[in-house]
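Bear in mind that the values in this text are calculations on the coordinates, not laboratory data. Given the structure is predicted, the values throughout are model-derived calculations rather than measurements. Note that each Cβ is placed from the backbone with ideal geometry, even for glycine, and that neighbours are counted across all protein chains shown.
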Amino acid sequence: MPELPEAEVVAQQLRTHLLGAQLNDCWVGRADIVREGLPTLSWYGGARLEGVERYGKSVALEFQNEGEHRYVVAELGMTGLLLFRATETKHPQHVHVRMSFTGGRESELRYWNPRRFGRLSLLDRAGLDRYRTRRFGIDPLTVPCDEFVHLMQARRGRLKPLLMHQQVIAGIGNIYSNEILFRARLHPNRAVNRLRGATIIKLYDTMQAVLREAISCGGSSVKDFFAPDGTEGRYKSRHLVYGKEGQPCPNRCGRLIRRLQSERSSFVCLACQKKEGDP
Ligand SMILES: [Zn+2]
C-alpha cells in the first residue's frame, strides 16, 4: 500500500491542483529522505511544475526553470503520502519534505512517510531515465496485450510473485494481485510458463479492469492511504478476497476464502481458483 491505483490518484490530484504553479521553497527535514540529488535542491526554487507522471508506485514531478527541466520523484511504496496543506496527518513529525507553491490551487505539498521505506530523488532527465530503467518493468495500464502475453510466456516461476515483481510489471502489490487473481480464477501459485495464451489474455483484461475500477474509486484506503486532499479511496468496499479470510466465497461456490502463508499472504478460494488447467 499504496499501489498503482493510489499512485495514479495522487498524480491526478497533483495535476488538477498544482500544474503550472511555481515552487518557492522546498524544505527537507532530514537529509536521508533524499536518495539522490540533494545538492541540486536550490535549483528548484522558482521553478514551475510542468508535468506529473506516475511510474509504478512512484510519482514524478517535472519542473522547468529557464528552459531546463528537472524532476522530483516520490516513492509512495508501503507508507508514503503526498498531502496538501489542509490535510491533517497523524504523527506530523513524519513530514520530511514541504514544498510551498504560488499560482496553483494549493499552496503546499508535504511528503509524509512514517516508516521511511520510501524516498525522494532529485534527478535530471538522464537520471530519471536511469531510475525508470532500473526500477520499473512494463506498465500494466498501457502495455499492449500481445506484449503482455509474450512477457508472461517468457518467464518462469509462480504467477503471483511475477505480477508483483516491480522490475517486470510495475505497480501491482499484494492487494491488487489478490483481487486480480480471484477475478481471473487463477491460483497464485500457477506456473507462469504453463499458462495458455487465452488464459493470459483473460488475466490481462482482468488486470486492467481491476486497476481502472480502483482508480475510478479513488484507490483503496488500507493502512492509512489518503489522497493529497485527504479523501479516502472507496475501492476497499469492492475487495472480494483481500483480508476476507474465513468469509464465504463471493462466487457462492460454498467454500470459504482461505489465507495462504507465503512470502506475502494470499487470499484465495481453492474451489474457484484453479491450480491447473484453464479457468
Ligand atoms: Zn469460490
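Once you place label points 7 Å from the Cα toward the Cβ at Leu260 and Ala209, how far apart are they in nm?
2.2
Name the shape class, rounded, prolate or oblate, that the alpha-carbon gyration tensor gives for the chain, where a ≥ b ≥ c are the square roots of its eigenvalues, rounded holds for a/c under 1.5, and otherwise prolate holds if a/b is larger than b/c and oblate otherwise.
It comes out prolate by the Cα gyration axes.
For the chain, what is the mean residue ellipticity at 222 nm derived from helices alone (per DSSP H run of n ≥ 4: -39500 (n - 2.57); sum divided by total residues; nearest 500 deg cm²/dmol)?
-7500 deg cm²/dmol
Could you grab the relative contact order for the chain? Cα pairs under 8 Å, six or more apart, rounded to a whole percent.
Answer for the chain is 20 percent.
What spacing in nm lies between the two simple spin-label points modelled at Leu41 and Arg252, each 7 Å away from Cα in the Cβ direction?
5.9
How would segment 145-268 be classified by its alpha-carbon gyration tensor: rounded, prolate or oblate, with rounded meaning a/c under 1.5 and the a/b versus b/c comparison settling the rest?
The shape class here is oblate.
Relative to the Cα centre, what is the charge dipole magnitude of segment 61-134, using +1 at the beta carbon of each Lys and Arg, -1 at the beta carbon of each Asp and Glu, and rounding to the nearest 20 debye?
With only Lys, Arg, Asp and Glu charged at Cβ, the dipole is about 380 debye.
What whole number of Å gives the distance from the Cα centroid of segment 8-73 to the Cα centroid of segment 93-161?
Measuring centre to centre over Cα atoms gives 13 Å.
Where is the GNM fluctuation largest for the chain (alpha-carbon springs, 10 angstrom cutoff): Tyr131, Tyr44, Tyr235?
Sorting by GNM fluctuation, first place goes to Tyr131.
Arrange the following residues from fewest to most other Cβ atoms within 10 Å of their Cβ: Glu8, Glu66, Glu232.
Glu66, Glu232, Glu8
Between their Cα atoms, which of Lys90/Lys160; Lys160/Lys244; Lys202/Lys275; Lys57/Lys160 are more than 23 Å away from each other?
In this structure, Lys90/Lys160 exceed 23 Å between Cα atoms.
Can you compute 3J(HN,Hα) from phi for each residue in segment 264-271, using the Karplus curve 6.51 cos²θ - 1.76 cosθ + 1.60 with θ = phi - 60°, rounded to whole Hz and x for Gly and Pro?
10, 6, 10, 10, 9, 9, 6, 7
Between Arg155 and Lys275, what is the label-point separation in nm under the 7 Å Cα-to-beta-carbon projection?
2.1
To the nearest 10 degrees, how steeply does helix 4-18 sit against the main Cα axis of the chain, on a 0 to 90 scale?
30
Using a Gaussian network model on the chain with a 10 Å cutoff between Cα atoms, which of Ile201, Ile180, Ile215 fluctuates the most?
Of Ile201, Ile180, Ile215, the most mobile in the Gaussian network model is Ile201.
If the label point is 7 Å along Cα→Cβ of Asn24, which residues in segment 79-122 have backbone nitrogen under 11 Å from it?
What the label zone holds, given the 11 Å backbone N cut-off, is 100-104, 107-108.
Find me the longest stretch of the chain that has none of the exposed trypsin sites (Lys or Arg not before Pro), where exposed means in a DSSP loop (not H, G, I, E or B) with at most 10 other Cβ atoms within 10 Å.
157-222
Picking from Gly218, Gly246, Gly118, which is most flexible by a Gaussian network model of the chain using Cα springs under 10 Å?
Looking only at Gly218, Gly246, Gly118, the biggest GNM fluctuation is shown by Gly246.
Just rank Thr133, Thr199, fewest to most, by other beta-carbon atoms within 10 angstrom.
Result, fewest neighbours first: Thr133, Thr199.
Measure nothing fancy, just the Cα-based angle from helix 125-135's long axis to the longest principal axis of the chain, in degrees from 0 to 90, nearest 10.
20
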